[in-house]
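The values are calculated or read from the model by the stated rules, or taken from the named source; none is laboratory data. Keep in mind that this is a model prediction, so the values were computed, not measured. Glycine gets a Cβ as well: all are built from the backbone with ideal geometry, and neighbour counts include every protein chain shown. SASA here: full protein model, heavy atoms, side chains in, ligands and nucleic acids out. Shrake-Rupley method; radii C 1.70, N 1.55, O 1.52, S 1.80 Å.
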Amino acid sequence: MNAALLAADLPYWAQALLRVLGGVVAVLLPAGTIVYVFLFKMMSFMQSRLGPMEAGPYGSMQLFAEVGKWLQKEDITPERADRFIFKIAPLVVLVSTFLLVAVVPFGPDAWFTNFEAGVFYMLAVSSVSVLGILIAGWASANKYSLLGGLRAAGQLIAYELPMVLAVIGVIIQAGTMNLQDIVLAQNAGSMFGWDGLGNPYILTQFVGFIIFMIAVQAELTQTPFDMPIAESELVSGYMTEYSGFRFLTFFIAEFATAGVFSLIASVLFLGGWGIPFAWFGWDTMDSVDNWMNVVGPLIMVTKMMLLSFIIMWVRFSYPRFREDQLQRFAWKVLVPVSLVNIMITAILKVAF
Amino acid sequence: MTSTESLIDRRQLSYIAAQAADARLNVELETEGMTLNIGPQHPATHGTLRIIARLDGEQVVWAEPSCGYMHRGYEKLTEVRTYPQVTALVNRIDWLGSFANEVPFILAAEKLMEIEAPPRAQWIRTILFELSRIANVSLFLGDLGVQMGAITPVFMAFRDREYVLNLIEGATGGRFHPNFDRIGGLKDDLPAGFIDETRVVMKKLRNFCDEMENLLFGNEIFQSRTRGIGVIPKDVAMQYGLSGANLRASGVDWDLRRDQTLPMAWNKVDWKVWTHPDGDSYARCWVRLQEVRESTRIVDQLLDDIPSGPVMAKVPRIIKVPEGEAWVSTENPLGEMGYYVVSKGDLGPFRTKIRSASFNNISIVPWVLKGVYVPDIITILASLYFILGDIDR
Amino acid sequence: MSTDAVAAIPGDTLRERIVDDLRSAIGDALLDSLVKPGDDVWVRVRTDAWRATGLALRSLGFDYFCFLSAIDWMPSPFGKGEDDPTAPAPERDDTIAQGYAGGETRMQVLARVVHPTLHVGVNVKCDVPDSEPVVESWIPVFAGANWHERETHEMFGIGFAGHPDLRNMYLPSDFEGHPLRKDFPLLARIVKPWPGIVDVEPLPGGSDDEEGDAE
């Protein structure tokens, strides 16, 4: 996208506008797709019901009906709430999703920004949503929300660490923190001299992938790590007092983040937008054909759907942990395992 | 009428005053720790039970249920009803297994009248009783998941419970409130095709139990959420009068279906009373799961040899119950449900004490919730399994 | 029904032995008893021996607490609530007649405990003095009596000495009156008169055969 834009020689404002629009599409499209395909339809079929069927073919227009419904609802602020912070919290959560999607590469030239320290940036901004959740919980002036916010803070911090450590394995193997280069390293790489599949890190970093997905599940506060929301305990946790558009913002952020994390996981472990370069005789980023800028995003969406499917599958079938069990799991299982993973990766990296 | 009006006014005023007093109470409680009101409108209480919990962080220092949001005064109402009318009331006590509520009352009245239902009626009563147990407890199994965040099992429970409700509706005409039991027998005989249909449904229900066992009970998270949580030792369970699966999960081998002689058909078939030595939440859930299986077995065996004959004994058209007192309790889906009926030889009971299972089962909550974490409140309440109508009556 | 009448019924040794054991445990505090063979046991104890009875029963192995409640033996002054509210109240027999195991007072406390292995229950009654309706609390005997006593206090106005917390369970805390007492009117019946229990529609084609239900 970048190169294409530069070639068209657009003024800066037009480029910026296009990027913002692209970001909105990259956030809303996965969110809508995940909600419709997984939350509405897959969950229904798993639970032996049909899900929405009336609005449009197979209920596909239901999403618009839902959005319309939420927009019509009254925007209530509790009397004792800290009004400004209360109102800004959903936006903070949503902003973190936009910040995340900014570094995801969709094709050889289709990216919004191309940080050298993309992984570092990604891990940093993914924690911004914690701030939003925490202030939402605090500002609601509701005990359930407060408990939910505190739980979220404890949980997200606990799971940030395994996530970072899981990614470090990938960084060591790729030797770079640039997400674009990680894609390149996977697709241009070879396994024991055979390059028919490239070298997707899910094979070598399988432990890291599992830990990353678990941490993502926790970051997204999806079952079995959904204590901050916990309908049956905390009613809806930090979201209890939100209604109308602000609730919708939380909702979009939740599923958009699920999509964006799936995108990032596919970049880190599944080879991202690329197809094994050996198939077409490419070897460097520059030699990749331009049509990959169109096919790349499609590949990314496919991989995103696959990974979100796993996230949602777990979400629909598991009960939830207790807060202390979750912490124990993070600190006593995930962190040591990921440390061992880093160690082994480093040793093998040096050895080979 | 003036005196009546003033009485009603006073009631309303006193209610408003009570709400104000409640508010004052909460303000007082807030002075230390944090007081969390769980309910009366809370998704975990499936009804309107309110639990006031004083928390230290997420740990419960003190908790007490506050009932009465659904008190309907059935004990008082029975005093102005005739005996046949009472079954319509008691149907609403445990609304998920309604038919089972009618049976002990009818049995108590029959005991006082010294009549007995014909064998066919006894058999059908037992079948319907077990069907309502299956309908009730299968919903519990689904609900259990939802309380712990697993949203799928509850839909399976609703799906399979529907088959049982259809059977009950087919036989009695009412899905939830059959009002089918009569003094001296039953309102009607079974409809054609009921037996074959029931056999098919019982197979489905056994599959459902297997599904639940795989999906929920075998899940490590479920086990870690329930094992060792909310342990109720044997002697405490007895002191608080816990009954049903809650008591058997504490290791007490006691089932009123087996341990007393009632004019019902349980002692005609072969079945097993399941107990569990642990007394924790898992044990309570596990015992209930086994009981659904056992109930399907009971129903299957009863279907094999339903005796023929009438379903109604000879009873007078206007039922007058002779003077006396009688206590009859049965092993209802929730536990021991009993009626202490005092008759003065009238058309209606003089006094009816309704001993409902959930009232006793929930009275242990302040004891068992001490020191647990907030998420465990939910699992313990779910595993104790109460129904609001059964607490408040 | 008095004890003498029941003595004629052929005995139930198990239940009779329970009564004998209880009598030897609490002595003459056991005022009256009734055994219905193969059915149930009723005993009535002195008011001041209420807790002692509970303890004695526990020591006899009756560990399972079933329920605790009360009975108001006064016939309701409102009948079945079917009076015409505009007409003067009809005359009613207001003699108080107690049930099994007798009694002297208007109200009686009633509890039931069960032997967990013999599966035999005992219904224990005790008179509640009209002047000062208070009996001892059973909480030291059965912790589960707590809620039952609260309920009984709320519904009958019977006090339980030694109960830590006799708050209302169901009703607002400053509700006046005790709903299950017979002299508490059932407001629903007074506000809207009941259509009447003799309002039986004739069954289609039905004759007055003896079979069928009263409704």
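Rundown of residues vs (1) assigned to a helix (DSSP H, G or I); (2) open to solvent by less than 10 Å² (accessible area, probe 1.4 Å); (3) more than 23 Å from B:Val164 (Cα to Cα), yes/no style:
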site	(1), (2), (3)
B:Leu215	yes, no, no
B:Ser224	yes, no, yes
B:Gly228	no, no, yes
B:Asp235	yes, no, yes
B:Gly241	no, yes, yes
B:Thr275	no, no, yes
B:Ala283	yes, yes, yes
B:Val292	yes, yes, no
B:Ser295	yes, yes, no
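A search for C-beta distances below 7 Å between a residue of the stretch B:141-158 that is within 7 Å of chain A (Cβ to nearest Cβ) and any residue that is of a type in the set (Lys, Arg), counting only pairs 6+ apart in sequence or on different chains, returns B:Met148/A:Arg320; B:Met148/B:Arg225; B:Gly149/A:Arg320; B:Phe155/A:Arg49.
Do we have any residue at all in the stretch C:83-98 that's surrounded by fewer than 17 Cβ atoms within 10 Å (Cβ to Cβ) and closer than 21 Å to B:Met238 by Cα?
Taking the stretch C:83-98 and keeping what is surrounded by fewer than 17 Cβ atoms within 10 Å (Cβ to Cβ), we get C:84-97.
Next cut, closer than 21 Å to B:Met238 by Cα only: none.
No: the stretch C:83-98 contains no residue that is surrounded by fewer than 17 Cβ atoms within 10 Å (Cβ to Cβ) and closer than 21 Å to B:Met238 by Cα.
With the requirement that a residue be aliphatic (A, V, I, L, M) and at pLDDT below 85, what does the stretch A:135-156 give you? Walk me through how you get there before you give the answer.
Filtering the stretch A:135-156 for residues aliphatic (A, V, I, L, M) gives A:135-136, A:139, A:141, A:146-147, A:150, A:152-153, A:156.
A:Ala141, A:Leu146, A:Leu147, A:Leu150, A:Ala152, A:Ala153, A:Leu156 - these are the residues of the stretch A:135-156 that are aliphatic (A, V, I, L, M) and at pLDDT below 85.
The residue that is nearest to B:Ile378 (Cα to Cα), counting only those in the stretch B:349-358 that are open to solvent by less than 10 Å² (accessible area, probe 1.4 Å) and more than 7 Å from every other protein chain (Cβ to nearest Cβ), is B:Ser358. Scan the stretch A:287-310 and give yes if some residue there is within 14 Å of another protein chain (Cβ to nearest Cβ), within 18 Å of the chain's Cα centre (by Cα) and surrounded by 13 or more Cβ atoms within 10 Å (Cβ to Cβ), otherwise no. No, the conditions are met nowhere in the stretch A:287-310. Filtering C:Val134, C:Val122, C:Val128 for residues that are modelled with pLDDT of 85 or more, under 19 Å from the mean Cα position of the chain (by Cα) and open to solvent by 10 Å² or more (accessible area, probe 1.4 Å) leaves a single hit, C:Val134. The residue list B:Leu139, B:Leu144, B:Leu128 contains one member that is open to solvent by 10 Å² or more (accessible area, probe 1.4 Å), under 20 Å from the mean Cα position of the chain (by Cα) and either among the aliphatic types (A, V, I, L, M) or at positive phi (or both), which is B:Leu139. Of all residues in the stretch B:77-94, none that is within 7 Å of chain C (Cβ to nearest Cβ) and under 15 Å from B:Ser356 (Cβ atoms) has its Cβ atom under 9 Å from the Cβ atom of a residue that is open to solvent by less than 20 Å² (accessible area, probe 1.4 Å) and outside any helix (DSSP H, G or I), 6 or more apart or on another chain. Of all residues in the stretch B:309-319, one or more are touching a residue at least 60 places away in the same chain (Cβ under 8 Å), more than 16 Å from the chain's Cα centre (by Cα) and under 26 Å from C:Trp73 (Cα atoms). Applying a threshold of 6 Å to beta carbon distances and a minimum spacing of six or more residues, or different chains, the list of pairs starting in the stretch A:253-279 at a residue that is open to solvent by 10 Å² or more (accessible area, probe 1.4 Å) and ending at one that is part of a helix (DSSP H, G or I) and of a type in the set (A, V, I, L, M) reads A:Leu270/A:Ile202.
Give A:Thr221, A:Thr257 a once-over and let me know the one that is within 14 Å of chain B (Cβ to nearest Cβ) and closer than 30 Å to A:Leu339 by Cβ. Outline the logic, then answer.
Values: A:Thr257 fails: within 14 Å of chain B (Cβ to nearest Cβ).
When all the criteria are applied, what remains is A:Thr221.
Take the stretch A:121-148 and flag every residue that is in a loop (DSSP other than H, G, I, E, B) and touching a residue at least 40 places away in the same chain (Cβ under 8 Å).
Quick first cut of the stretch A:121-148, residues in a loop (DSSP other than H, G, I, E, B) only: A:126-127, A:140-142.
A:Ser126, A:Ser140, A:Ala141, A:Asn142, listed by residue number.
When each of A:Val35, A:Val25 is tested for being β-branched (Val, Ile, Thr) and free of Cβ contacts under 8 Å to residues at least 24 places away in the same chain, the lone residue that passes is A:Val25.
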